[in-house]
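The values are calculated or read from the model by the stated rules, or taken from the named source; none is laboratory data. Because the structure is a prediction, the values reported are computed rather than measured. Positions of Cβ are generated from backbone atoms using ideal geometry, with glycine treated the same way; all protein chains shown enter the neighbour counts. Side chains included, ligands, DNA and RNA excluded: accessible areas come from the protein's heavy atoms. Shrake-Rupley method; radii C 1.70, N 1.55, O 1.52, S 1.80 Å.
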Amino acid sequence: MASRFLFTPIPDFAVPVEKFPKPHQRVPCFTFTLAPPTSYSSKSISSSRRGSPPPPLTAVKEELIQSPSSERTHDSKTSPSSSSKLVLVAGGSGGVGQLVVASLLNRNIKSRLLVRDPEKAISLFGKQDEETLQVIKGDTRNPEDLDPSIFEGVTHVICCTGTTAFPSKRWDGDNTPERVDWEGVRNLVSALPSSLKRIVLVSSIGVTKYSELPWSIMNLFGVLKFKRMGEDFLRNSGLPFTIIRPGRLTDGPYTSYDLNTLLKATAGQRRAVLIGQGDKLVGEASRIVVAEACIQALDMEFTEGKAYEINSVEGEGPGSDPQKWQELFKAAQAQ
């Protein structure tokens, strides 16, 4: 069920140039595209790097990108082509979100990034052309930020917003679990169009047992309770969904990295993946593996309406091979 996967440089590649629907005019958009180094023009260079072109991009051939044909190997009946997809990523500059965005870009999948701080996204992905990535300023905690035009043309959503379980600097500005994991998820789900093909929500293991030890310690300030409330709201929304519940997150966050460094992130020796159901797993999960699980679940029809726990352990893993991920998800359902 597992396979070996390694990092390998991928040659220059082009990105499809199909236009996005016109974004909401009140929201500033910044963009990113992948292209060979020789093709950069003066318009595609971030103002912070003016005078020198961005360095060549080295893609990941591990959890982020494993096979040049991985996108094409999906079942054509269940997986829209990369040119027809538009994936909105909420929390796309955070620990898991930035890895999701990098992987989508490497797959040539059009993406729209909803973040509170576009400048942070620019520092990660560069301010370039809008053919592949749009960065839109918005805060899921504020319903008024979620104008319907933001979701025009969106076919899939990956929500990986979050904060810390215990009081920390990240709680500044009312960034608490209640505001992020409950109210933010509720607001986002409420704003999504009924035409959506799938939303994948990143939650946490332990959400069904937050009143039991040891989970009650982690839930001292309500993080698991509020994540469960967000899950329940999504379940009752009528939208097609999949919930990914990782263990304690490892590998990153790479919040001070640029894209070149981000794409070289590794999961070390903890590459093998364990997937379960019933909230029984206990352990850790690499952010790289979690990001890949979110992308894989987007197009697997049998994962719709289900929640999966995910851990990373030492050993060889599935990388980005769709067939191996299908086997893992189906094995979890058969347990």
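Of the residues making up the range 135-145, those that are crowded, with 20+ Cβ neighbours inside 10 Å and either at pLDDT below 90 or of a type outside the set (D, E, K, R) (or both) number 4.
Per-residue answers, yes or no, for (1) surrounded by 18 or more Cβ atoms within 10 Å (Cβ to Cβ); (2) modelled with pLDDT under 80; (3) not in a loop (DSSP other than H, G, I, E, B):
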{"position": "72", "(1), (2), (3)": "no, yes, no"}
{"position": "88", "(1), (2), (3)": "yes, no, yes"}
{"position": "112", "(1), (2), (3)": "yes, no, yes"}
{"position": "120", "(1), (2), (3)": "no, no, yes"}
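All but one of (1) modelled with pLDDT of 90 or more; (2) crowded, with 23+ Cβ neighbours inside 10 Å hold for residue 249, so report the exception by its number. Result: residue 249 fails condition (2) only.
Residue-wise test of (1) within 17 Å of residue 198 (Cβ to Cβ); (2) open to solvent by 50 Å² or more (accessible area, probe 1.4 Å); (3) modelled with pLDDT of 95 or more.
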| residue | (1), (2), (3) |
| --- | --- |
| 294 | yes, no, yes |
| 303 | yes, no, yes |
| 309 | no, no, yes |
| 314 | no, yes, no |
| 323 | no, yes, yes |
| 327 | no, yes, yes |
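In the range 227-234, is there at least one residue being touching a residue at least 60 places away in the same chain (Cβ under 8 Å), among the small types (Gly, Ala, Ser) and crowded, with 20+ Cβ neighbours inside 10 Å?
No - not one qualifying residue is present in the range 227-234.
When you look at residue 180, is it among the aliphatic types (A, V, I, L, M) and within 21 Å of residue 297 (Cα to Cα), yes or no? Against the criterion (among the aliphatic types (A, V, I, L, M) and within 21 Å of residue 297 (Cα to Cα)), residue 180 does not qualify. In the condition set (1) touching a residue at least 60 places away in the same chain (Cβ under 8 Å); (2) crowded, with 19+ Cβ neighbours inside 10 Å; (3) in contact with a strand residue (DSSP E or B) (Cβ under 8 Å, 6 or more places away or on another chain); (4) not hydroxyl-bearing (Ser, Thr, Tyr), residue 153 is compliant with all but (2).
The one condition from (1) open to solvent by 20 Å² or more (accessible area, probe 1.4 Å); (2) over 18 Å from the mean Cα position of the chain (by Cα); (3) of a type outside the set (Phe, Trp, Tyr) that residue 177 does not meet is (1). Across the range 180-219, the number of residues qualifying as out of contact with any strand residue (DSSP E or B) (no Cβ under 9 Å at 6 or more places or on another chain) and over 19 Å from residue 283 (Cα atoms) comes to 11.
Of everything listed in (1) at pLDDT 60 or above; (2) open to solvent by less than 30 Å² (accessible area, probe 1.4 Å); (3) part of a loop (DSSP other than H, G, I, E, B); (4) of a type in the set (Ser, Thr, Tyr), the single unmet condition for residue 79 is (1).
I'd like the residue in the range 254-292 that is acidic (Asp, Glu) and at pLDDT 90 or above and, out of all such residues, is surrounded by the most Cβ atoms within 10 Å (Cβ to Cβ). Spell out how you get there, then give the answer.
Taking the range 254-292 first, the residues acidic (Asp, Glu) are 258, 279, 284, 292.
Subsequent filtering for residues that are at pLDDT 90 or above retains 279, 284, 292.
Details: 279: 17, 284: 16, 292: 28.
Result: 292.
Every residue, every condition in (1) open to solvent by 10 Å² or more (accessible area, probe 1.4 Å); (2) closer than 21 Å to residue 227 by Cβ; (3) more than 14 Å from the chain's Cα centre (by Cα), yes or no:
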{"site": "102", "(1), (2), (3)": "no, no, no"}
{"site": "133", "(1), (2), (3)": "no, no, no"}
{"site": "149", "(1), (2), (3)": "yes, no, yes"}
{"site": "165", "(1), (2), (3)": "yes, yes, yes"}
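Return the residues of the range 180-216 that are open to solvent by less than 40 Å² (accessible area, probe 1.4 Å), closer than 20 Å to residue 237 by Cβ, in contact with a Lys or Arg (Cβ under 8 Å, 6 or more places away or on another chain) and in a loop (DSSP other than H, G, I, E, B); say none if nothing qualifies. Result: 203, 204, 207.
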